[in-house]
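Notes follow once the structure below has been shown.
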Amino acid sequence: MSSSTLPNPPSLQPKISTHQSKTLFLLQLCKSTNEATQVHAQLFKSGQILQTFHASKMAEFYAISNPGNIAYAEKIINHIREPNTFILNTVIRGHLERENPEKAMDLYHKMLPYGPKPDNYTFTFLLKACTQLSIAYFGEQLHSNIVKFGLCSDPFIRSKLIHLYANSGRVLDARKVFDGTHHSELDIVSWNSLLEGYAICGEGELAQRLFDEMPNRDVVSWNTMIALHVEKCEFKEALRLFRLMLDDRERPSSITLVSILSAVSHLGAIDQGRWVHAYIEKHGYKLDSSLGSSLINMYSKCGNVDLANAVFEGMTQKGVDTWNSMISGLAMNGHGPKALRLFENLGTSGVKPNAISFACVLNACSHGGLVEEGCKYFAMMSQEYGIEPKRAHYGCMVDLFGRAGMLEKANETIRSMPTEPDAPMLKALIAASRIHGDLVLGENAGLQLIELAPYDSAGYVLLSNIYAMGNNWNRVHWVRKKMRGKGIKKTPGCSSIEIDGVVHEFVVGDTKHLKKREIYKMLDEMSKRLRSEGYKPDTKEVLLDIEEEEAKEASLGHHSEKLAIAFGFISTRPGTTIRIVKNLRVCADCHTALKHLSKLYGRDITVRDLNRFHHFIAGSCSCLDYW
Ligand code: ZN
Ligand code: ZN
């Protein structure tokens, strides 16, 4: 906390005697606490000590000067017969500047019964201390003291109160103070505090209303709204707001750009990502670890590892986050061996890998089917780096063994963990049992999953797929009934594609797009060409869909990724790479169809699904049918 944000308490302006002015002059000359102590000692000799004025000046010197001696300042305060408010405020401020809000609160409580009367400065400091401690309870106590001492109308104090309440999630209390203040007396900090309070509580509509009402906005206001939309997965809205911000001539901060890059990543909107990158370069933003990592993530998640790598190579200062982003980018795009090499480079770079680095490299091993290497890194983590594996690391190992068909090892890993398996781990196990045909293991994991996450549709879908594989229709019906009984609907598949900087979204059987006629014509042509290639739709995985009333129309041919691809085919020049982002896992049928399509139409097709990337090139996929 910098001292510049604290208001300066008013100086005492007592009548100064010759002796006092001499002391004051001497104190101002002091360059160190040692020198000040000498002045102090002189005062002792002259019998002047404990006069409030001298004591105030001494306390101020010790409390505020750098490095000072805050303990000594507190000692002085305890030795004065009648300490005044100025001394109290000075020492409280000294504690705050040393980032010691507890001591500031302690001193206040100690002094309250017999000490000087607190003033508006005292409370301003104390409310700041409460915010640093994020303790709304003390804030409430202070609030009643503020009322008691009749300082409730001070706009500065009200601003701090709003901030404290909003920051600790008590947005209703914040609103009360806000509404109790005349709007002309509210500074932008108060507006922003309340806005942040709404954002913390996820109150999107109230935040939007307040944002619209704001007489002025600054970068903090914009950042709060953009981050809120990103948090709520409203990525297109976040981008719209960003454009408005630029139209409003508000210069984005690094924080804005990090948020926007995250929205771009989720949408896979690489053109807009490139634009943000150009903006960063043009306006000379410093590519620190956070902004650099965001760019690397964005390019990786848009399926362009080369551009991610160019950013990585161009960064002069690489923190561990930077390395982690690049390793994870390589892993998710199916470049397992390269990710491992980069991890080795990290080891020799002088930057120490952390728990996340190991999760990234283990993930690379599991996506690349590199069992031996995975085991090596898993052991290295605790043995060489003293990092205890967490659930995420065990999860990678389960996935690694599962994909490699070592189902017993996968199970053993789960049994050896100090904690219970989580949903992603069970999903990995089910996926592995499906690929390797171990239906008993799949069933057990599926049953465990729906118990662990009873309101997540994914568990029911996976379990039903396992039963369908074994032609166990009774159980398929049982799962459907159970799901319906809980009122759970399958998350609708949604795929997006960016054409000329505009993101187009499609759901299963979508008929809302302006070009739906052309899209469905293209789909017909695609399915004719697929059939002539000898492709047969694989219907096993859609059993759960077909009996759902509203999904009846949504046959396999109209899965969202196929719609997005058809739109991509008619909207881009032949040979252009098609990039799709999907919110769920790609189904087996679409996966097969996409492989054929990439060959039939001579197009590279990149699909980022819930778990990973699929780069379909000339009839095969980078995941080697392992996803
Ligand atoms: Zn599909
Ligand atoms: Zn694939």
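The values are calculated or read from the model by the stated rules, or taken from the named source; none is laboratory data. All figures in this text were calculated on a predicted structure; none of them were measured in a lab. Glycine gets a Cβ as well: all are built from the backbone with ideal geometry, and neighbour counts include every protein chain shown.
Things worth noting here:
- Of the residues making up the stretch 205-225, not a single one is under 20 Å from Val502 (Cα atoms) and surrounded by fewer than 23 Cβ atoms within 10 Å (Cβ to Cβ).
- Considering the stretch 259-347, the qualifying helices (runs of 4 or more DSSP H), each wholly inside and each with 2 or more residues that are under 25 Å from Val220 (Cβ atoms) and either out of contact with any Gly (no Cβ under 8 Å at 6 or more places or on another chain) or among the polar types (S, T, N, Q) (or both), run over 270-282, 289-301.
- Any chance Tyr279 is under 28 Å from Thr576 (Cα atoms), at pLDDT 95 or above and buried (at least 24 other Cβ atoms within 10 Å of the Cβ): no
- Residue selection: Leu194 fails the criterion of being in contact with a helix residue (DSSP H, G or I) (Cβ under 9 Å, 6 or more places away or on another chain) and surrounded by fewer than 22 Cβ atoms within 10 Å (Cβ to Cβ).
- Matching entry among Leu463, Leu407, Leu447 (being of a type in the set (A, V, I, L, M, F, W, C) and modelled with pLDDT of 95 or more): Leu447
- Subset tally (residues that are part of a strand (DSSP E or B), within 14 Å of ligand 1 (Cβ to nearest atom) and under 20 Å from Ser366 (Cα atoms)) for the stretch 572-615: 2
- When the stretch 482-498 is limited to residues that are more than 27 Å from the chain's Cα centre (by Cα) and surrounded by 15 or more Cβ atoms within 10 Å (Cβ to Cβ), the one that is farthest from Leu239 (Cα to Cα) turns out to be Lys482.
- Val320 touching a residue at least 12 places away in the same chain (Cβ under 8 Å), under 27 Å from the mean Cα position of the chain (by Cα) and over 28 Å from Ile430 (Cβ atoms): yes
- Test: Leu241 is closer than 24 Å to Phe613 by Cα and not basic (Lys, Arg): no
- Selection from the stretch 508-526 of residues that are part of a loop (DSSP other than H, G, I, E, B) and surrounded by 15 or more Cβ atoms within 10 Å (Cβ to Cβ): Val508, Gly509, Asp510, His513
- Qualifying residues in the stretch 247-258 (those that are over 12 Å from the mean Cα position of the chain (by Cα) and assigned to a helix (DSSP H, G or I)) - the one farthest from Tyr279 (Cα to Cα): Asp247
- Per this entry, Ile565 is counted among residues that are within 16 Å of ligand 1 (Cβ to nearest atom) and either outside any loop (DSSP other than H, G, I, E, B) or crowded, with 22+ Cβ neighbours inside 10 Å (or both).
- Residues that are surrounded by fewer than 20 Cβ atoms within 10 Å (Cβ to Cβ), of a type outside the set (S, T, N, Q) and either within 11 Å of ligand 2 (Cβ to nearest atom) or within 34 Å of the chain's Cα centre (by Cα) (or both) within the stretch 594-611 comprise Asp604, Leu610, listed in sequence order.
- Scanning the stretch 348-361 for residues that are surrounded by fewer than 21 Cβ atoms within 10 Å (Cβ to Cβ), out of contact with any Lys or Arg (no Cβ under 8 Å at 6 or more places or on another chain) and outside any helix (DSSP H, G or I) turns up Gly350, Lys352, Asn354.
- Residue in the stretch 581-593 that is within 8 Å of ligand 2 (Cβ to nearest atom) and farther than 17 Å from Met298 by Cα present: yes
- Filtered by the rule that a residue be assigned to a helix (DSSP H, G or I) and surrounded by fewer than 16 Cβ atoms within 10 Å (Cβ to Cβ), the stretch 402-422 gives Glu408, Glu412, Arg415, Ser416.
This table checks each residue for (1) touching a Lys or Arg at 6+ places or on another chain (Cβ under 8 Å); (2) surrounded by fewer than 22 Cβ atoms within 10 Å (Cβ to Cβ); (3) β-branched (Val, Ile, Thr).
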| site | (1), (2), (3) |
| --- | --- |
| Phe125 | yes, no, no |
| Gln132 | no, yes, no |
| Asp154 | no, yes, no |
| His163 | no, no, no |
| Asn167 | no, yes, no |
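- Residue check: Val147 meets all listed conditions (1) more than 23 Å from Pro118 (Cα to Cα); (2) surrounded by fewer than 18 Cβ atoms within 10 Å (Cβ to Cβ); (3) of a type in the set (A, V, I, L, M) but one, namely (1).
- Any hit, the stretch 513-524, residues being of a type in the set (Asp, Glu) and either within 16 Å of ligand 1 (Cβ to nearest atom) or at pLDDT below 65 (or both): no
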